1. What full-extension length gain, to one decimal in nm, is calculated for residue 94 and residue 159 as 0.36 nm per residue of separation minus the Cα-Cα distance?
2. Treating only the Cα positions of the range 266-308 as identical point scatterers, give the base-10 log of I(q)/I(0) from the Debye formula at each q in 0.26, 0.27, 0.33 Å⁻¹.
3. Could you compute the FRET efficiency for residue 243 and residue 324, with r as their C-beta to C-beta distance and R0 at 51 Å, rounded to 0.05?
4. Kindly state, as a whole number, the per residue volume in cubic angstrom of the convex hull around the alpha carbon atoms of the range 110-216.
5. At 0.36 nm per residue, and after removing the present C-alpha to C-alpha distance, how many nm does the segment from residue 304 to residue 118 gain when stretched out fully?
6. Working out 0.36 nm times the residue gap between residue 34 and residue 206, then minus their Cα-Cα distance, what length gain in nm do you get to one decimal?
7. What whole number of Å gives the distance from the Cα centroid of the range 221-279 to the Cα centroid of the range 58-126?
8. When only C-alpha pairs under 8 Å and at least 6 residues apart count, what is the relative contact order of the range 54-192, in percent?
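Every number in this text was worked out from the coordinates using simple rules, so none of it is lab data. Keep in mind that this is a model prediction, so the values were computed, not measured. Note that we place each Cβ from the backbone using ideal geometry, even for glycine, and neighbour counts take in every protein chain shown.
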């Protein structure tokens, strides 16, 4: 009688950080009645929407093993440009789209610098951060730009079925991003690139296209953050996004389980992390805690998140190594020592076979 394989129920990785979020909300609600108010909840959601958009874009970049330091400066640039586009006669909806595309263009520039010029992501995005933060200051002379179209306020201040528009836009973006990463070939490429870049290249992953894609998505998400910020204030400030936004975006993704080393993480985990960061920031404001302490708390959260991620990776490597040692050879020896089936000969050194399932032949190696 055949036995059925035992199905193991796995606990979602996001459950742990979600439990932390519930505890933080409960503690803050107990400490401050003002935190429990509907008005404060709406403020938390609106502030969290911008952080979540940044964390969403940062997640795509971190999954490939990169980092985007230009997101905060991209907010400032996109937020000022959208106001200037409307002053130039663009309809508000078209100005918003063009501003998001402008942010995406900055992301593509980042990806191009990283892929084609082989500049490390930290240096490339650090340089474009300086460029993007200077553009609105140069154009406006460090002055704010007032939005001339009152209908533009709908993006940052409007409601759909009682839900703030930025939250609705965020939910749509998160669902699309999650399906993209889980159900498309390009999504698998992003994880593969972060897991092992050399192996991914040999397996047929389009490294250049994937790099441009993830940084373009990060730029578009930052551009969306700039559009929302300007719509909420109805003024384009050249300094918007240059405070803690970059700090919060990385913290949200890392705390949500996205590895700084690439290849591990999910969109939903990053979104829970973004809500946690927004909740902590909002709660400290409600409790009248100095902003200096807020940066300290968020910094400690990042350190703890990275430490846990590093420990998790070391434990995972140890378990896999022990499993390989305990499993022993996977097939009877054929005299080659390769563990391949008896009727399969290993590829020669001069003519290696194609990568599994790709038809891509790795370059031949010449014996010395």
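1. Here the answer is 21.4 nm.
2. Summing over Cα pairs of the range 266-308 leads to -0.94, -0.97, -1.11.
3. So the FRET efficiency works out to roughly 0.60.
4. 143
5. Numbers: separation 186, 0.36 × 186 = 66.96 nm, distance 3.09 nm.
Value of the extension gain: 63.9 nm.
6. Here the segment from residue 34 to residue 206 would lengthen by 56.8 nm.
7. If we compute the Cα centre of each part, the gap is 14 Å.
8. Values: 114 pairs, mean separation 41.3, N = 139.
Across the range 54-192, relative contact order equals 30 percent.
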